[in-house]
Amino acid sequence: MTDPTPTASPPLLAIRGLSKAFLGVQALDGVDFTVRHGEIHALLGENGAGKSTLIKTLTGVYQRDAGTVTLEGRAIAPRGVEEAQRLHIGTVYQEVNLLPNLSVAENLFLGRQPMRFGFVDRGAMRRRARAVLLPYGLSLDVTAPLGRFSVATQQIVAIARAVDMSAKVLILDEPTASLDAQEVTVLFKVMRTLRSRGIGIVFVTHFLDQVYALCDRITVLRNGRLVGERRTAELPRIDLVAMMLGRELEAAAHRIAPTMDDAEEDARPPLVRFRGYGKARSVEPFDLDIRPGEVVGLAGLLGSGRTETARLVFGMDRADRGEAAVDGQAVRLRGPRDAIRLGFGFCPEDRKKEGIVGALSVRENIILALQARQGWLRPIPRRRQEEIADRFIRLLDIRTPHAEQPIQLLSGGNQQKALLARWLATEPRLLILDEPTRGIDVGAHAEIIRLIERLCADGMALLVVSSELEEIVAYSRRVVVLRDRRHVAELRGGEVAVDRIVAAIASEPAVAGEPRP
Amino acid sequence: MTRSVSSGPSRTLPQYGALAAVLLANWLLFPDFFSIRLQDGRLFGSLIDVLNRGAPVALLAIGMTMVIATRGVDLSVGAVMAISGAVAATLTQAGWGLTPVLAASLGAGLLCGLWNGLLVAVLRIQPIIATLILMVAGRGIAQLVTEGQIVTFTSPDLAFIGSGSFLTVPMPVVITAVLLGVTALLVRMTALGLMIEAVGVNRLSSAGAGVNTPVVLIAVYVWCGLCAAVAGLVVAADIRGADANNAGLWLELDAILAVVVGGTSLLGGRFGLLLSVVGALILQAMNTGILLSGFKPEFNLIVKAGVLMIVLLLQSPTLTLFLPRPARPRPVQPPAPSRAKPESPSPSAGA
């Protein structure tokens, strides 16, 4: 036992040496995790750290390869979420896993309805439902369908159901991701009440401010391994971010004054200019200029609003405030078609879902945006299509047997290059790349970075989102740092360095939202 | 149409083979099956009959193919046939000339398609439900147009569309061929075909690449409505009347069956217009064969269901695991490492 606070009684939940591999990839590697009675314990980590795998292995959705799980000293091995619930471990996901068509009361007592003479006793169910929800400050019509209430309310109902089913450990997997500030406050109140009742809460979130507002302890995972467990009060933000990103950091470097070059650069008129641009529940209003021949990096932790910013710039999501201008002319971005007409291109983070058109050929995927911009009445002749496709297959070294291969049969890196080709064929002025190097092999990775630098040198403007800080630092002239859906800093020229970015991510929020516990 | 199905004869062989097999079976049952004679300047014979009787479903299948290629379905085409037939018969009876009758009747079909397209593209209602509305309501509309009567007419002009002939070929066959040709030109000589397939494969990606997905969706439903209206006209002209209750009844299912038999997947994407028409002819040839053989017509439905079963089994992912893989003409690939790493879904489950 490596419990840092040894007590007489065993901890509420103790996970020791938990391992899980998928197809040879070690998703969890000997992870220890301890939850004590009456604490809120943040489980943190970047993409692929193993948070979800830990939760799913703990609740038996996945079968563990090695390790032990004990609840109050008793070894348990649930084989699914329901069995975990019977063993006093309740789980509430971001997307509420209840049935929106059924009433609140039915959801609360699903599978354990009060019975009378062999029938569901609806009167008793309603009475008990109201009683169950009362401590949560929810007085609502329990006969109304659950789907009619806000996500926050649905989540509290899900929590109430789990607690009422005698949960001692409550796992909340990103419960606040789609809530507004008001709803978050209500949820936090519920969580504190439960903590005072001795329930151990595992809180998965991407919002650092919420971690510091609420949590007693923090466990950080990275690449399937335990990085460490700390008391929140004893862990400065900068150390937390360093733990999550996995780097040793010196104290933040001195601020370097922008060089003369930077000042000159900044005087150049921007290609695109956003002022107070934002969208409720997506990203707070931001200002952003991008000049021709400039790479602007967007850095931040997962869920910090990087992708949301990129999507707003391309019009994939529609902004509900602020102004946009291209070449000094005000423009409206109501959708990708507007953005493409203005000479924008966008490679999304989720290539499979939003990027490639899987069953179509590499050639068709490459010419799609160009053809869409020309309109259906002006088809690109087949010969010309083949020329374009072959040119980019050679130029970007797309590994495909021929241009007619369905794109879904290519590897991730080659799919990404084909998507880049799709936009390069339109000769864009601004190219937006969301995680362009994610999930692709090392060779393609280097090629894409070289390509970014070459495009920039050719005078294209680029906006690049990446979790790889070294990568961002390597090619960006300016880096916008985001935290908790807000643009919190802009680094330029000599300031662009990994430790500066990390420091900006970890910086204290200007206005404290929630009082510390 | 050359490019309708991407990879050459091996994909199209099953359909032509099936058509040949059914025709051959008919010939064995009925040795006169292939004999064609010229009478009063028009061709007659069982084979011509297959083409002629198959025309309405073939017409529906042309429009349905593109709807299915966008991963949709149009259940309302039978009802739209009833509407267009009712409009044509009622207006003809009221003394309108051929041109305004055709315009009104086809216009009704276009409007029906526009309605379906708006529901699917703008309101984003699932196609099967969106078109179910008109499937139910359309027959009611047709009954309102005919005021509940079976409307008959005597105009030889309109009747010519159903029972006349052009250069000895029956008009329904000519109309089908022309509509097939026009549709094929429209989608394959423009970029519309590519966009339809792209939207069907991945609507999100297509929209992100700048494809005007709502317009593409509306266009295919409008065209499907037009095809249904033409089919309704042909049927009404043939029987010289409109029966709002029975015209086109259940034909939407035959049209879907024809498209699926023709090899266009209900999951959207690649489509073949000619193959769907071949699918319709396969169905009609089976119909005719059963009638000629003297079996009860009821067998028709069971045989049809059997064919559907076979086609769907061939497409079933479960079954294809056990079948030998069809020889796909895939060029030799270098042992490139590029294909070796499809992303596995699970390890990235970390967050």
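The values are calculated or read from the model by the stated rules, or taken from the named source; none is laboratory data. Worth saying up front: this structure is predicted, and the values here are computed from it rather than measured. Positions of Cβ are backbone-derived with ideal geometry, glycine not excepted, and every protein chain shown enters the neighbour counts.
Comparison of A:394, A:382, A:351 shows that the only residue that is free of Cβ contacts under 8 Å to residues at least 24 places away in the same chain and within 10 Å of chain B (Cβ to nearest Cβ) is A:382. Tell me, please, whether a residue that is in contact with a strand residue (DSSP E or B) (Cβ under 8 Å, 6 or more places away or on another chain), modelled with pLDDT under 95 and assigned to a strand (DSSP E or B) can be found in segment B:48-67. For segment B:48-67, residues in contact with a strand residue (DSSP E or B) (Cβ under 8 Å, 6 or more places away or on another chain), modelled with pLDDT under 95 and assigned to a strand (DSSP E or B): absent.
Select, from A:369, A:359, the only residue that is at the interface with chain B (Cβ under 8 Å from one of its Cβ atoms), on the phi < 0 side of the Ramachandran plot and at pLDDT 95 or above.
Residue meeting the stated conditions: A:369.
Considering (1) surrounded by 24 or more Cβ atoms within 10 Å (Cβ to Cβ); (2) among the hydrophobic types (A, V, I, L, M, F, W, C); (3) more than 13 Å from chain A (Cβ to nearest Cβ); (4) not in a loop (DSSP other than H, G, I, E, B), the lone condition that residue B:274 does not fulfil carries the number (1). Of all the numbered requirements in (1) in contact with a helix residue (DSSP H, G or I) (Cβ under 7 Å, 6 or more places away or on another chain); (2) within 15 Å of residue A:169 (Cβ to Cβ), residue A:41 misses one, and that requirement is (1). Just to be sure before I move on: is residue B:77 surrounded by fewer than 24 Cβ atoms within 10 Å (Cβ to Cβ) and within 11 Å of residue B:224 (Cβ to Cβ) in the structure I sent? Answer is no for this residue.
Within this structure, residue A:129 passes the test of being more than 30 Å from residue A:281 (Cα to Cα), in contact with a helix residue (DSSP H, G or I) (Cβ under 6 Å, 6 or more places away or on another chain) and outside any loop (DSSP other than H, G, I, E, B). Annotation: residue B:25 fulfils all but one of (1) at pLDDT below 95; (2) among the hydrophobic types (A, V, I, L, M, F, W, C); (3) within 25 Å of the chain's Cα centre (by Cα); (4) surrounded by 16 or more Cβ atoms within 10 Å (Cβ to Cβ); the unmet one is (4). Of all residues in segment A:212-226, those satisfying the criterion of being surrounded by fewer than 21 Cβ atoms within 10 Å (Cβ to Cβ) and not basic (Lys, Arg) are A:213, A:216, A:223.
Only one of the numbered conditions (1) more than 14 Å from chain A (Cβ to nearest Cβ); (2) crowded, with 23+ Cβ neighbours inside 10 Å; (3) more than 17 Å from residue B:146 (Cβ to Cβ); (4) not small (Gly, Ala, Ser) is violated by residue B:211, and that is (1). Taken over segment B:177-208, the criterion of being more than 9 Å from chain A (Cβ to nearest Cβ), hydrophobic (A, V, I, L, M, F, W, C) and without any contact (Cβ under 8 Å) to a residue 60 or more places away in the chain is satisfied by B:177, B:178, B:182, B:185, B:186.
Looking at this structure, is residue A:426 more than 10 Å from chain B (Cβ to nearest Cβ), outside any helix (DSSP H, G or I) and buried (at least 20 other Cβ atoms within 10 Å of the Cβ)? So residue A:426 does not fit the description; no.
Only residues in segment A:449-467 that are under 18 Å from residue A:314 (Cβ atoms) count as the first member; pair them with residues that are aromatic (Phe, Trp, Tyr), Cβ under 6 angstrom, at least 6 apart or cross-chain, and list the lot. Pairs that qualify, where the first residue is under 18 Å from residue A:314 (Cβ atoms) and the partner is aromatic (Phe, Trp, Tyr), are A:452/A:475.
Mind listing just one residue for me: the one in segment A:403-416 that is closer than 23 Å to residue A:383 by Cβ and not aliphatic (A, V, I, L, M) and, of those, surrounded by the fewest Cβ atoms within 10 Å (Cβ to Cβ)?
A:404
For segment A:171-186: of the residues being within 20 Å of the chain's Cα centre (by Cα) and in a helix (DSSP H, G or I), which is surrounded by the fewest Cβ atoms within 10 Å (Cβ to Cβ)? Show your work before the answer.
Taking segment A:171-186 and keeping what is within 20 Å of the chain's Cα centre (by Cα), we get A:171-181, A:183-184.
Those left that are additionally in a helix (DSSP H, G or I): A:181, A:183-184.
On the way: A:181: 9, A:183: 18, A:184: 20.
Top of the filtered list is A:181.
Within the option set A:130, A:116, A:126, being surrounded by fewer than 18 Cβ atoms within 10 Å (Cβ to Cβ) and in contact (Cβ under 8 Å) with a residue 12 or more places away in the chain holds for one residue only, A:130.
Of everything listed in (1) within 30 Å of residue B:72 (Cα to Cα); (2) surrounded by 15 or more Cβ atoms within 10 Å (Cβ to Cβ), the single unmet condition for residue B:101 is (1). Taken over segment A:354-379, the criterion of being among the aliphatic types (A, V, I, L, M) and either crowded, with 24+ Cβ neighbours inside 10 Å or in contact (Cβ under 8 Å) with a residue 24 or more places away in the chain (or both) is satisfied by A:356, A:357, A:359, A:360, A:362, A:366, A:367, A:368, A:369, A:370, A:372.
Would you check which residues across segment A:193-219 are charged (D, E, K, R) and closer than 23 Å to residue A:303 by Cβ and list them? Of everything in segment A:193-219, those that are charged (D, E, K, R) and closer than 23 Å to residue A:303 by Cβ turn out to be A:209, A:216, A:217.
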